Amino acid sequence: MSLENGKCPCCNGALTLDSSKEKAVCRYCGHEIVIQQAVQKCIVDGIATFDTILLAAQQAIDYDRDYDLARKKYKEALNLSPNDYRVLWGLYTCEMGTLTVYLQTKGYVAQEGDLMQYVTEATQKYGERAKSNAPAEVQPYYFKVINENSTYFANQISSNKKSGCYVATCVYGSYTCPEVWTLRRYRDDVLGQTWYGRAFIRTYYAISPFAVKVFGRFNWFRNMFKKKLDRMVEALNNNGVDNTPYNDKNW
Ligand SMILES: [Zn+2]
C-alpha cells in the first residue's frame, strides 16, 4: 500500500505524521502505518480543504491534547460533510478525551448520573453514527473502541461514587458516625448550595484522597485535623446542623 497523499491506505483518513516516530496509528480505523520520509512533504503541500481541516483537528489532539480546538475543527469539517464517518469518529474521540481529562484532573465527579448520560449521548450522536457510516472493514474497530470506552467510564463513575469525606473519615475512623454525619450534612446543605462552596468541595475532594493516602497512617496528621474538625463539628451542631444518621445528596 502506498502513502502518496498522506492518507491512510485503509480508510483514506488524513494522517498526522511525526518524523521522529517510526509508526503512525490511523485515528479513524486503527490501522498502523510505517512512516516514510517521502510522504511528509506531500501532506503539507497539497491536500484539499476538507482534509486540511481534518488534519488540523488531529494535530490538535496528537500534539497538544487540545480537545476544544479539535472539536471546533471537526465541527467545521462536519459542515462540509455531515455524514463523514471520520469526522463523526473525531467528534466522538473529542468527547471521550475531554471526559478522560476531566476525570484525571478533577478526580471527583459531582453528578455521576449526568456523566453516564453524557457518555451515552456522545456515543449515540457520534460514535454509533460513525460506526454505521464507516466501511465494513473499519466497523469492528469502532465496535471495540466504543465498548472499551463505555466499560471504562462506567467503572470510573462507580468507583467515584463511594468517595466520601476522606479526611473526616480518616480522622474519625468511620464514614458513619455523628461527627461525619454533621460534616456531610453541612457539605450538602450549605456548601453545596453556592458556586464557591461547590468549588471548595471539588478542590477538597481532588486533594484529600491524595493527602490521606500519603499521611493517613500518621497520628500527627489525624491529630492535626481532629482538633480543627472537632471545633467545626461543635460549632455546626450549636448552629442547628444535626448529627443524626444521614444519606448523601446528589449534587
Ligand atoms: Zn485508517
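The values are calculated or read from the model by the stated rules, or taken from the named source; none is laboratory data. No experiment lies behind these values; they were computed from the predicted model shown. Backbone-built Cβ (ideal geometry, glycine too); neighbour counts: all protein chains shown.
Scanning segment 173-205 for residues that are in contact with a Pro (Cβ under 8 Å, 6 or more places away or on another chain) and either buried (at least 18 other Cβ atoms within 10 Å of the Cβ) or free of Cβ contacts under 8 Å to residues at least 24 places away in the same chain (or both) yields a single hit, TRP181. Of the residues that make up segment 55-65, is at least one modelled with pLDDT under 85 and within 16 Å of the ligand (Cβ to nearest atom)? For segment 55-65, residues modelled with pLDDT under 85 and within 16 Å of the ligand (Cβ to nearest atom): present.
Kindly evaluate LEU78 against the criterion of being assigned to a helix (DSSP H, G or I) and buried (at least 21 other Cβ atoms within 10 Å of the Cβ). Against the criterion (assigned to a helix (DSSP H, G or I) and buried (at least 21 other Cβ atoms within 10 Å of the Cβ)), LEU78 does not qualify.
Among the residues making up segment 198-251, those that are modelled with pLDDT of 75 or more and among the β-branched types (Val, Ile, Thr) are VAL233, VAL241, THR244.
With TYR246, TYR196, TYR205, TYR186 as the choices, which residue is more than 22 Å from LEU103 (Cβ to Cβ) and under 23 Å from the mean Cα position of the chain (by Cα)? Walk me through how you get there before you give the answer.
On the way: TYR246 fails: under 23 Å from the mean Cα position of the chain (by Cα); TYR205 fails: more than 22 Å from LEU103 (Cβ to Cβ); TYR186 fails: under 23 Å from the mean Cα position of the chain (by Cα).
Only one candidate passes the filter, namely TYR196.
Please verify whether GLY6 is of a type in the set (Gly, Ala, Ser) and either at pLDDT below 90 or touching a Gly at 6+ places or on another chain (Cβ under 7 Å) (or both), treating the condition exactly as stated. If you could, list the steps in order and put the result at the bottom.
Working: of a type in the set (Gly, Ala, Ser): yes; either at pLDDT below 90 or touching a Gly at 6+ places or on another chain (Cβ under 7 Å) (or both): yes.
For GLY6, the condition - of a type in the set (Gly, Ala, Ser) and either at pLDDT below 90 or touching a Gly at 6+ places or on another chain (Cβ under 7 Å) (or both) - is met.
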